[in-house]
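What follows is a short report on a single structure.
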Amino acid sequence: MAVTVLLIDDDREFLDILAERLTIRGMEVTSAASGRAALDLVRDARFNVIVLDLQMPEMDGLQVLERLVALDPAQRIILLTGHATVSRGVHAMKLGAADVLEKPVDIRELVERIKTVASAPRGVGANGQAGQPSGPLQKGRGQGLLQALRGLFKSGR
Amino acid sequence: MSSYHGKVDSLGLSFFGSMTASISHEIKNALAIINENAGLLGDLVALSEKGRPLDPERLQTISDSIRRRVQGADDIVRRLNRFAHSANQPVVTTGIRDILACTVALSERLATMKGVRLSIAAGEEIEVQTLPFVLENLLWICLKNIFLLAGEGQQVVLGAVREESDVVVTLHCTPEIPVEQLETTVATEGQPLIFFLRMQVRADPHNGRLCLHMPLRFIE
């Protein structure tokens, strides 16, 4: 069965192209151009993975993340960010994000992370809370963030 | 006086950091779209090798998008370059509307993130003698504090009028925000810049605006 993905980004063009590329790779993709539109969608539908932009007007990615986790603590969420920073990345992981990837993202890496996150059983999570993803996800949790942060340290940010 | 210079420099460094961080974010976003478009071209070529015909119209759309985003990124880099040079610019005679336009362009992304719309009121250009970077820094302090007070849908119109030997820069906020509170915050946070530019900050609650009075000629 196809992995269902909800993409959330305020840049409509980015959203459309990424949706098309993930669809070509066999995923079933739904798009939302704002945090509010996404929250409306998740009330009616379930998605294996949500890919969420960190920087958005009105409600930013961290606020949307908090609300998504409040609605479903087991929801698997990958954050996309223009710039990874240690504090924001760690904060996102604490709030319940499964991973953080830096834009521009390599599609192979994104697909791999989506598949890893989607295949994780829903149970007791990395932070010990019931309903949080666990298992393979826990082992691979935050791989994208670690990679982004390695780049960050190399560049001296 | 030297401690004031130190404070002006320190505020300037913080301003420079905020603006370049925001600009680099805009560049990253442009690169992300170009990256996805390039990736999509690769995907379509790979699909054509498997028998799906290439749609010339689709290719044209992708090419147009890449061109548009490259142009957008080039505009951002030009803005960054102009801003970087303004940091070590001496006192110059320039149009106040040029300075307002630069400030709006620099702050636009951060304003959008806060749900605030920025614009410039129509009016004649007024020549002023000033340090553009320091004035832009003060205007940024005003805008940053408006963002903190503003709700979603806030509009800020920047304008300038001549009053005898002064020029008055106005920041008109709709819906109204507590401009007296804004005046206090800006006067405190921007105090070294206000002193340096010999300016005065006054709230005009009757018209829902903050007014910055500055001399037409820079006073050493």
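The values are calculated or read from the model by the stated rules, or taken from the named source; none is laboratory data. Here the structure is a predicted model, which means the values were calculated and not measured. Note that each Cβ is placed from the backbone with ideal geometry, even for glycine, and that neighbours are counted across all protein chains shown.
Which one is nearest to the other protein chains (Cβ to nearest Cβ), of the residues in the stretch A:1-34 that are among the hydrophobic types (A, V, I, L, M, F, W, C) and in contact with a Phe, Trp or Tyr (Cβ under 8 Å, 6 or more places away or on another chain)?
First, pick out the residues of the stretch A:1-34 that are among the hydrophobic types (A, V, I, L, M, F, W, C): A:1-3, A:5-8, A:14-15, A:17-19, A:22, A:24, A:27, A:29, A:32-33.
If we keep only those that are in contact with a Phe, Trp or Tyr (Cβ under 8 Å, 6 or more places away or on another chain) as well, we get A:5-6.
Details: A:5: 15, A:6: 17 Å.
The extreme case among them is A:5.
Among the residues that make up the stretch B:121-140, is at least one of them farther than 22 Å from residue B:183 by Cβ, within 13 Å of chain A (Cβ to nearest Cβ), part of a helix (DSSP H, G or I) and hydrophobic (A, V, I, L, M, F, W, C)? No, that holds for no residue.
Test residue B:27 against the criterion of being more than 30 Å from residue A:16 (Cα to Cα) and touching a residue at least 24 places away in the same chain (Cβ under 8 Å), and give yes or no. First the steps, then the outcome.
On the way: more than 30 Å from residue A:16 (Cα to Cα): no; touching a residue at least 24 places away in the same chain (Cβ under 8 Å): yes.
Criteria not met by residue B:27.
Comparison of B:198, B:209, B:217, B:202 shows that the only residue that is touching a Pro at 6+ places or on another chain (Cβ under 7 Å) and not β-branched (Val, Ile, Thr) is B:198. Among residues of the stretch B:171-185 being touching a strand residue (DSSP E or B) at 6+ places or on another chain (Cβ under 6 Å) and within 25 Å of residue B:122 (Cβ to Cβ), the one that is surrounded by the fewest Cβ atoms within 10 Å (Cβ to Cβ) is B:174. Kindly check whether there is at least one residue in the stretch B:24-40 that is under 28 Å from residue A:53 (Cα atoms), at pLDDT 95 or above, more than 12 Å from chain A (Cβ to nearest Cβ) and part of a helix (DSSP H, G or I). No - not one qualifying residue is present in the stretch B:24-40.
Within the stretch A:65-113, restricting attention to residues that are of a type in the set (S, T, N, Q) and within 14 Å of chain B (Cβ to nearest Cβ), which residue is farthest from residue A:8 (Cα to Cα)?
Going residue by residue through the stretch A:65-113, those that are of a type in the set (S, T, N, Q) are A:75, A:81, A:85, A:87.
Remaining after also requiring within 14 Å of chain B (Cβ to nearest Cβ): A:81, A:85, A:87.
Values: A:81: 12, A:85: 20, A:87: 22 Å.
By that ranking, first place goes to A:87.
Restricting attention to the stretch B:125-132, does a residue exist that is farther than 18 Å from residue B:85 by Cβ and of a type in the set (A, V, I, L, M)? Yes - at least one qualifying residue is present in the stretch B:125-132. The set of residues in the stretch B:78-116 that are within 30 Å of residue A:59 (Cα to Cα) and surrounded by fewer than 14 Cβ atoms within 10 Å (Cβ to Cβ) comprises B:78, B:101. Scanning the stretch B:65-81 for residues that are of a type in the set (Asp, Glu) and closer than 18 Å to residue A:21 by Cβ turns up nothing.
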